[in-house]
Amino acid sequence: MAGKGQCKCKHCKRLFRPDPRTRNQRYCAEPPCRAASKAASQARWLSQPENKDYFRGEAAVGRVRAWRAQHPGYWRKEALDAGPPLQDMRSAQVVESRDKNDVSARSPLQDVISAQPAVLIGLIAHITGTPLQDEITVAADRLLRLGNDILATTGSQAGASRATSGSRGPTTGG
C-alpha cells in the first residue's frame, strides 16, 4: 500500500515521492523511467489528429522557413569574445620527428574521404546562406551543371588544340 504522498511509477512500478511542484507526475526520476515518460508523452501528442502531419508537408516547410527568416543566424555559432583564456599559456613541447613513411604520422585515408561530402555540403550551405536541404539541392544541381559545362568546354578546347597542333602545314614530297 502506498504511503501518504507516494505514487507508483508507471514504468518501474516502484513507489516514489512526486515533486510537490507538479500535479500529475506519474513516473519517477530514474533515467529509464524519464525516457519512458518522454516516449509516452510524444506518442500521446502524435496520436492527436491535428498533430499527425506536423513535421511533414509544405505547411511544415513554410513554418520552418518563416521561423528561420525571423531568426537569421540562429543556427550559426557566434564567436564569443570572452577575453583571455582561463588557463596559462604553456610553452610548446618538442615532438620528435617521425619518418614520412611512418603510417601513424599520416591521417587515415578513410577519415579524409568520409569528411569530403560533409565539407562540400557545408560549403554549399555557407555559400547559399541556408541549411535547408531543398535549397542546398538546387544549388548543388546548379554547381554540378556549371562544372560539367566547364569540363566539357575545356575538354573540347583541348581536343581542338591537339588536332590543330598536330598538323604542321602542307608537306612537300621528299
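Let's test the formula: R0 of 41 Å, r as the Cβ-Cβ distance of GLN70 and ALA29. What FRET efficiency results, to the nearest 0.05?
Calculated transfer efficiency: 0.70.
Quick one: go through the stretch 23-67 and flag any residue whose amide nitrogen is under 13 Å from the point 7 Å out along the Cα-to-Cβ line of CYS12.
What the label zone holds, given the 13 Å backbone N cut-off, is 27-37.
Over 10 Å intervals from 0, what percent of Cα-Cα pairs in the stretch 1-52 sits in each interval?
Per 10 Å bin, starting at 0, the Cα pair percentages come out as 25, 44, 23, 7, 0.
Which of TYR74, TYR54 comes first, and how do the rest follow, when ranked by fewest Cβ neighbours within 10 Å?
Values: TYR74 8, TYR54 13.
Least crowded to most crowded, the residues run TYR74, TYR54.
Mind ranking 8-17, 60-69 by how tightly packed they are, going by the mean number of other C-beta atoms within 10 angstrom, highest first?
Working: 8-17: 14.2, 60-69: 11.7.
Sorting 8-17, 60-69 by mean packing, highest first, produces 8-17, 60-69.
Could you work out how far apart the two model spin labels at ARG63 and ALA39 are, taking each label as a point 7 Å from the Cα in the direction of the beta carbon, and quote it in nm?
2.5 nm
Each reported figure results from applying straightforward, stated rules to the coordinates on display, with no laboratory input. A quick note: this is a predicted structure, and the numbers were derived from the prediction, not measured. FYI the Cβ positions are ideal-geometry reconstructions off the backbone, even for glycines, and counts take in every protein chain you see.
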